[in-house]
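Visitor: Below is a structure I'd like to ask you about.
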Amino acid sequence: MIPCIITCAITGAEVTKSQNPAVPYTPDEMALEAYNAVEAGASIIHLHARYDDGSPTQDKERFLEIIKAIKLKCKDVIIQVSTGGALGMTRLERSSPLSLDVEMATLDCGTVNFGGDDYFINTENDIIYFANIMNQKNIQYELECFDKGHVDMALRLFKKGYIKAPLHFSFVLGVVGGMAAELRDFMFLKESIPESATFSVAGIGKYEFPLAEFSIMNGGHVRVGFEDNLYLEKGVLAKSNKELVKKAKELVIKHNRTVASISETRNILGLE
Ligand code: KMH
Ligand code: ZN
């Protein structure tokens, strides 16, 4: 099987230091978390921006500051900026980091409930809007799908020419309001995408590692990190993103696969 790409989502937009003091906010904190995650085996950093007080922002200047700090410590790492941002942001606001010189970004492929009164909106026109910018700027997208309908939407927009190959999916499963993260859910999604497509998984909370293992066993890739999960195991907070990456790497090795280096990751995903 091909090497397994480990992506680390180091901070997200919604988790806070009050939930886990190790969640990074400042550029320096993010750079250190990214560096240690890369040392442990991550080749992609999925990035959200925060101000020093932890509030999420899509401000491109803040992204630039964080990216510079990360690249100073690990210059080759692949940065994947979020166009999801935080709940409630407009698409104009969310698209701001795409004006930077970035290699990769997320493309969220549908609307989903996020528990309680929260919801994350991605209309068909939103998806086309983000895809158009990324196509123009040659930014590679990761197609984030929280539900089966999102996969169908991505494939529909691919057929219509809005979304271009290579298709790289991320199945984000276990969100309250999205698709569950059991083996049958994973298999259903995996079997719904073309054989030529690549895929990664991001299991939310307690689903992080079980879902990672399904993906590793089935030729897929893995995302871990504080954005998705704050715990190393039940009741034990992770002290760093590195601990989560290390645990993912152990699963990769357990299933006789190797962890993709940064250059192997570029190769697998067709990044230039
Ligand atoms: N923060 C979530 C509302 C993405 O990065 O593209 C959306 C999100 C998805 O995190
Ligand atoms: Zn994200």
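Each reported figure results from applying straightforward, stated rules to the coordinates on display, with no laboratory input. As the structure is a computational prediction, the values presented were derived from the model and not from experiment. Cβ: placed from backbone, ideal geometry, glycine included. Neighbour counts: every protein chain shown.
Visitor: Of 71/148; 71/247; 60/164, which ones are farther than 32 Å apart at the Cα?
Guide: Beyond 32 Å between Cα atoms: 71/148.
Visitor: In 5 Å bins starting at zero, report the fraction of Cα pairs in segment 1-134 per bin as a rounded %.
Guide: Spelled out bin by bin, segment 1-134 gives 2, 10, 20, 22, 20, 15, 8, 2, 0 percent.
Visitor: Which order do peptides 24-35, 52-63 fall in by mean Cβ count within 10 Å, highest first?
Guide: Numbers: 24-35: 20.3, 52-63: 16.4.
Those peptides, ordered most packed to least, come out 24-35, 52-63.
Visitor: Would you mind telling me which residue in 194, 210, 97 has the biggest mean-square fluctuation in a Gaussian network model of the chain, where springs connect alpha carbons within a distance under 10 angstrom?
Guide: Looking only at 194, 210, 97, the largest GNM fluctuation is found for 194.
Visitor: Mind listing the Cα extents of the chain along all three principal axes, in Å, largest one first?
Guide: Sorted from largest, the Cα extents of the chain read 44, 42, 41 Å.
Visitor: So what is the calculated 222 nm ellipticity per residue for the chain, using -39500 (n - 2.57) for each DSSP H run with n of 4 or more, over all residues, to the nearest 500 deg cm²/dmol? List each step's numbers first, then the result.
Guide: Values: 9 runs with 98 residues, N = 272.
It lands at -11000 deg cm²/dmol.
Visitor: Which order, highest average first, do 214-223, 258-267 follow once you tally other Cβ atoms within 10 Å for each residue and take the mean per peptide?
Guide: Taking the mean over residues of other Cβ atoms within 10 Å, the ranking is 214-223, 258-267.
Visitor: Next question, about the same structure. Quick one: what are the phi-derived ³J(HN,Hα) couplings along segment 187-192, Karplus 6.51/-1.76/1.60 with θ = phi - 60°, whole Hz, x for glycine and proline?
Guide: Working through the residues one at a time gives 4, 4, 5, 4, 6, 8 Hz.
Visitor: Here's a follow-up. How many angstrom lie between the Cα centre of segment 197-216 and the Cα centre of segment 71-94?
Guide: 21 Å
Visitor: For the charge dipole of segment 6-269, defined by +1 on Lys and Arg C-beta atoms and -1 on Asp and Glu C-beta atoms about the Cα centroid, which residue among 77, 229, 177 has the Cα displaced farthest towards the positive pole?
Guide: 77
Visitor: Related question: Expected output is a single nm value to one decimal: the length gained when fully extending between residue 90 and residue 72, i.e. 0.36 nm times separation in residues minus the C-alpha distance. What is it?
Guide: My answer for the length gained is 3.4 nm.
Visitor: A follow-up question, please. Once you wrap a convex hull around the alpha carbon atoms of segment 99-195, what is its projected area averaged over all directions, in nm²? Can you show the working numbers first?
Guide: Details: hull surface 26.0 nm².
Seen from a random direction, the Cα hull of segment 99-195 projects 6.5 nm² on average.
Visitor: Something else about it: With label points built 7 Å along Cα→Cβ from the Cα atoms of residue 14 and residue 255, find their separation and express it in nm.
Guide: 2.5 nm
Visitor: In whole Hz and in residue order, list the ³J(HN,Hα) couplings for segment 36-53 that follow from phi through the Karplus curve 6.51 cos²θ - 1.76 cosθ + 1.60, θ = phi - 60°; x for Gly and Pro.
Guide: Values, residue by residue: 5, 5, 5, 4, 7, x, 6, 10, 10, 10, 7, 10, 10, 9, 10, 7, 4, 7 Hz.
Visitor: Could you list the GluC sites (Glu not before Pro) in segment 151-245 that lie in coil according to DSSP, counting only those with at most 15 other Cβ atoms within 10 Å of their Cβ?
Guide: Filter output for segment 151-245: 182, 191, 195.
Visitor: Projecting each Cα onto the charge dipole of segment 1-62 (Lys/Arg +1, Asp/Glu -1 at the beta carbon, about the Cα centre), which of 25, 8, 54 comes out farthest on the positive side?
Guide: Looking along the dipole axis, the top candidate is 8.
Visitor: Assuming R0 = 35 Å, what is the FRET efficiency of residue 2 and residue 117, from their Cβ-Cβ distance, to the nearest 0.05? Write down the numbers at each step before the final one.
Guide: Working: r = 42 Å, r/R0 = 1.19.
About 0.25, to the nearest 0.05.
Visitor: Please report the Cα spread of segment 86-135 along all three principal axes, rounded to whole Å, starting with the longest.
Guide: Answer, in whole Å and largest first: 36, 18, 16 Å.
Visitor: For segment 1-144, what is the charge dipole size about the Cα centre, in debye to the nearest 20, if Lys and Arg each add +1 at the Cβ and Asp and Glu each add -1 at the Cβ?
Guide: 340 debye
Visitor: Rounded to the nearest 20 Debye, what is the dipole magnitude of the chain about its Cα centre when Lys and Arg each give +1 and Asp and Glu each give -1 at the C-beta?
Guide: In total the dipole reaches around 560 debye.
Visitor: Name the residues whose placed amide hydrogens come within less than 5 Å of the amide hydrogen of residue 47, ignoring near sequence neighbours (fewer than 5 apart) on the same chain.
Guide: 80, 81, 82
Visitor: Going by amide H atoms built from the backbone, whose H comes under 5 Å of the H on residue 169, apart from near neighbours?
Guide: So residue 169 has HN proximity to 143, 198, 199, 200.
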